[in-house]
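Beneath this line is the structure, given in structure tokens, with notes to follow.
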């Protein structure tokens, strides 16, 4: 029975598996970007997911996650600012009382810059950063966040 289930999983491939089992359960596109970027090793650029690699191998897991990151990033870029803001609001809703602190941290540490896939071109990078920084300005006003102190 178990080997039959494994065979079905293998026939479907790594990418469908990661979308069916994980990414489809992440409610927001921004949340998917955060998740996928978090699987990328900052030293090698490879995507690592132990469970996926055990079933499909390191290379197939890397390719599936890399392609998924590219697809998710393109989906985010295809949204207008209004849709991006709604998605970001939904993402932030999971932080409840810490939303203001999250926005302050984004302004200070700029972790959103690490969400860009390595294969994104300069126009896509620029669009993403421009859109996200516009959204941050809106969030600053919404949550009453002051500019970060450069000396802090």
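No value in this document is a laboratory result; all are computed from the given coordinates. Keep in mind that what you see is a predicted model, and the values were worked out from it rather than measured. As a convention, Cβ positions derive from the backbone with ideal geometry for all residues, glycine included, and neighbour counts pool all protein chains shown.
Per-residue ellipticity at 222 nm from helix content only, as computed over the chain with -39500 (n - 2.57) for each DSSP H run of at least four residues, stands at -21500 deg cm²/dmol.
Counting only alpha carbon atoms, the long axis of helix 99-109 and the longest principal axis of the chain meet at about 90°. Measuring nothing but alpha carbons in the chain and taking Rh as the Kirkwood radius, the Rg to Rh ratio lands at 1.03.
Cβ-to-Cβ counts within 10 Å put 124, 75 in ascending order as 75, 124, the fewest first. Note on the chain: with a GNM built from Cα contacts shorter than 10 Å, the maximum mean-square fluctuation among 56, 79, 132 falls on 79.
Distance between the modelled labels on residue 21 and residue 134, one decimal in nanometres: 3.9 nm (7 Å Cα→Cβ projection). One decimal place: the segment residue 90-residue 143 gains 17.6 nm when fully extended, by the rule 0.36 nm per residue minus the C-alpha distance. By the Kirkwood approach, averaging reciprocal distances over each pair of separate Cα atoms, region 36-88 gets a hydrodynamic radius of 12.2 Å.
Please rank 49, 69, 83, fewest neighbouring Cβ atoms within 10 Å first, as an exposure proxy.
Ascending Cβ contact count within 10 Å gives the list 83, 49, 69.
One chain, two ends: residue 70 and residue 97. Fully extended at 0.36 nm per residue, the span grows by 6.6 nm beyond their Cα-Cα distance.
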